[in-house]
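All remarks here apply to the structure that follows.
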Amino acid sequence: MKKKDNTAPNKGENDLSVFLFHEGTNYRAYHFLGCHLTAEGAMFRVWAPRAAQVSVVGDFNGWNKERNLMTRLTEEGIWECFIPGIKQYDSYKYCVFTADGRELLKADPFGYHCETRPQTASKAYDLSGYTWHDERYRQGLHNRNIFKSPMNVYEVHLGSFKRHPDGSLLSYELLADELVPYVKEMGYTHIEVLPVTEYPYDGSWGYQVTGYFAPTSRFGTPHDFMRFVDRFHQAGIGVILDWVPAHFPKDEHGLFEFDGTKCYEYADKQKMEHEGWGTRVFDYGKTEVQSFLVSSALFWFDLYHIDGLRVDAVASMIYLDYGRERGQWTPNINGGRENLEAVAFLRKLNQAVYEAFPDAMMIAEESTAWPMVTKPPYDGGLGFSFKWNMGWMNDMLQYVSTDPLFRKYNHNKLTFSFVYAFSENYILPISHDEVVHGKCSLISKMPGEYEEKFAQMRAFLAFMAAHPGKKLLFMGQEFGQFIEWDFQKGLDWLLLDFQPHRKLQHYVKTLNHYYLQTPALWQNDDSPEGFAWVAGDDTQHSMIIFRRKGEAAGEELLIVCNFTPVRRSGYRVGLPYKGRWRVVFNTDDTEYGGTGCTVLTQYTAEKQPWHGFAQSAELDIPPSSILYLRPSAAAARSALRAEKPSHKTAETTAKKGKGKV
């Protein structure tokens, strides 16, 4: 039982690991804590500061609570023992003997692998031995500026993308077989996977985590998940994981009161729990919890080569009054409602990730107006790479759900996001949360009859592609799934037997690839230099017109948006340059299921001032449509000589630009 672990760090390294863990700066604690296999057996270490005793139990000892007692390594509560004969896939738990006489059976907080639900034990597993084939992909990350690159994310729930005919889950290998070629063909740059960190309850979609270092065994082994990521990388596709440091469930085998007391969670009753979710809140001020969570984040970059973490529910972390009524929370030392410990933790987390993995992405799902989420900590920011633009999402879904007859009274919901579009590095999300729990699918939000829903869907997606910010769309919306997302079954792929759904899928594929090929749509996403209004206040016709600009002179598009089911003939639009302008994308094209209204493919600027420009043209704009226009090479060259127009703001320019109906 005292047999030396020959592969473990030496005593000096152990002492340093212990010191750093308790200090809150052991960012690779998974190398020390947890179960580590050797040729002779396994070394087990666990943090349980207030436990009276801890033992390791499993099939190997008949779940005998007294046979493999652990030794208290530190006064701060790290326990360890070596058990000979432990082998790959052996199930185990820690039996925690509490100070008040209870016996708790707990899964390993640092466990690499778990039994498949409804079983809850951890499994001994050696993560070494997988040979990666993504060197070329990872090297390419060093030469890419993600802020100046296209980023179009396909959000996926692995349990419901596709299933076997009998309803059973696909494996990581079969999911890769299905997803990799599909995502590549459809023109997405990344996938974002709803949490795969082990979770007991399918209905939580993975957001109530019990295994922060274990990919769920629902779909296979840790090595299977490594191969899953590897195959995406070999196809040039990035992988982003949802990660949940905001809370954890109260399942008996999980982190909940791990040593019989409030261990990982706050002890303060006004911070301890999110009652609406039935979960406990991590104690962000506790240094060991900081080591645990930062180690979990780095673990997925280090061992699984993932490209980014989407950090869930950031708002619930940084506000003391989140989900709480008056009297249910205590102001901070400054009298405010900010959770200063959580803010400090997030800054520490992001700094640690970027120092270790400079090419990593950290993405905040933050739903409030908290300032400088994507600014560096040294400037007072939280330090994330990107923030989900929840304001844009809420405004736009309300806008497109409104009957077009009444959209003119909601025009500000269409235009307001441009006011703050460059205040953060944004991702525009149409995520799983927007197509479930009675919210209906994206296409079902669109008013009108069957054909009109598809037309408005195409217009919305083209607007999203042209709006500043990176993109994210939840699976199934690309082919017009009508029913809400159901985590218990696969998507309705049978809809592709019907032409409108096939054409919509073809449309999204074409739009995605056009986006990839067009620097004006992504090169200046984070800068006001990439956007300019032409007309933003034609409320009567629910029309807006704007420019997206790349870094090269003349690399730009004119985006003409008609959000009513009325054709606009002879609608005059100001043009930045003289010469010819070509329609390069038309959402109403019959190829995509549109009406095929006659639209010229090319317009020549006339010497008639409009919208603050010296030249303009009369466009024919189909109903519920968006047109992308690009200047000809000659017109683009004129940009090198042209002076910047005396542009006025959207609120004042379009007084002359209502156009003819």
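Once the Cα atoms of helix 11-23 and of the chain are each reduced to a long axis, what angle between those two axes, in degrees from 0 to 90 to the nearest 10, is obtained?
Roughly 60 degrees, rounded to the nearest 10.
Taking 8 Å as the Cα distance limit and 6 or more residues as the minimum spacing, I'd like the relative contact order of the chain as a percentage.
Dividing the mean separation by the residue count of the chain yields 10 percent.
Have a look at Gln398, Leu309, Leu16 and report the one farthest towards the positive end of the charge dipole of the chain, computed about the Cα centre with Cβ charges (Lys/Arg +1, Asp/Glu -1).
Working it through, the farthest residue towards the positive pole turns out to be Gln398.
For the chain, what proportion of DSSP beta bridges, expressed in % and rounded to the nearest 5, is antiparallel?
70 percent
Taking θ = phi - 60°, what integer Hz values does the Karplus form 6.51 cos²θ - 1.76 cosθ + 1.60 yield along segment 328-333, in sequence order, with x for Gly and Pro?
Going residue by residue, I get 9, 8, 10, x, 6, 5 Hz, with x marking Gly and Pro.
Helix 172-186: angle to the longest alpha-carbon principal axis of the chain, degrees 0 to 90, nearest 10?
Between the helix axis and the principal axis of the chain, the angle is about 20 degrees.
Order by neighbour count: Asp268, Asp134, fewest other Cβ atoms within 10 Å first, most last. Walk me through the intermediate numbers first.
Working: Asp268 13, Asp134 18.
The most exposed by this proxy come first: Asp268, Asp134.
Place +1 on the Cβ of every Lys and Arg and -1 on the Cβ of every Asp and Glu in segment 528-656, take the dipole about the Cα centre, and give the residue among Pro609, Pro631, Thr539 whose Cα lies farthest towards its positive end.
After comparing all options, I get Pro609.
Give me the percent of Cα-Cα pairs in segment 528-656 that sit more than 21 Å apart, rounded to a whole number.
35 percent
Taking only the alpha-carbon positions of segment 498-538 and ignoring solvent, what does the Debye formula give for the base-10 log of I(q)/I(0) at q = 0.20, 0.26, 0.31, 0.33 Å⁻¹?
Ignoring solvent entirely, the Cα scatterers give -0.75, -0.84, -0.95, -1.00.
Using the count of nearby Cβ atoms within 10 Å as a rough guide to exposure, how do Tyr172, Tyr420 rank from fewest to most? Present the calculation step by step, with values, prior to reporting the outcome.
Values: Tyr172 25, Tyr420 13.
Listed from fewest to most nearby Cβ atoms, that is Tyr420, Tyr172.
Based on Cβ point charges of +1 for Lys and Arg and -1 for Asp and Glu, what charge dipole magnitude is obtained for the chain about its Cα centre, in debye rounded to the nearest 20? Please list the in-between numbers first.
Working: 72 positive and 81 negative charges, 452 e Å.
Roughly 2180 debye for the chain.
Which entries of Lys262/Lys348; Lys408/Lys439; Lys348/Lys471; Lys348/Lys375; Lys162/Lys184; Lys184/Lys509 have Cα-Cα distances beyond 20 Å here?
Lys262/Lys348; Lys408/Lys439; Lys348/Lys471
Please report, in debye to the nearest 20, how large the charge dipole of segment 528-656 is about its Cα centre when each Lys and Arg carries +1 at its beta carbon and each Asp and Glu carries -1 there.
460 debye
Convex hull over the Cα atoms of segment 29-118, averaged projected area in nm²?
5.9 nm²
Output wanted: per-residue J couplings in Hz (rounded whole) for segment 37-48, from phi through Karplus 6.51 cos²θ - 1.76 cosθ + 1.60, θ = phi - 60°, x for Gly and Pro.
In residue order, the calculated couplings are 6, 10, 5, 9, x, 8, 9, 10, 9, 8, 9, 8 Hz.
Any chance you could tell me what percent of the C-alpha pair distances in segment 365-495 go past 24 Å?
34 percent
In deg cm²/dmol and to the nearest 500, what is the mean residue ellipticity at 222 nm of the chain if only DSSP H runs of at least 4 residues count, each as -39500 (n - 2.57), divided by the residue total?
Calculated mean residue ellipticity at 222 nm is -7500 deg cm²/dmol.
Which angle between 0 and 90 degrees, to the nearest 10, do you get for helix 499-516 versus the longest principal axis of the chain when only C-alpha atoms count?
Approximately 90 degrees, to the nearest 10.
Once you keep just the Cα pairs under 8 angstrom separated by 6 or more residues, what percentage relative contact order results for segment 528-656?
Over segment 528-656, the number comes to 32 percent.
Within the set of other residues whose C-beta is less than 13 Å from the C-beta of Thr216, count the net charge using Lys and Arg as +1 and Asp and Glu as -1.
Taking every Cβ under 13 Å from that of Thr216, the sum is -2.
Sticking to Cα atoms, compute the Rg of the chain to one decimal and its Dmax as the biggest Cα-Cα distance, whole number, in Å.
For the chain, the Cα radius of gyration and maximum Cα-Cα distance read 27.5, 92 Å.
Since every read-out is calculated from the coordinates, none of them should be taken as a lab result. Note that this is a predicted model, so its numbers are computed, not measured. Glycine also receives a Cβ, built like all others from the backbone with ideal geometry; neighbour counts cover every protein chain displayed.
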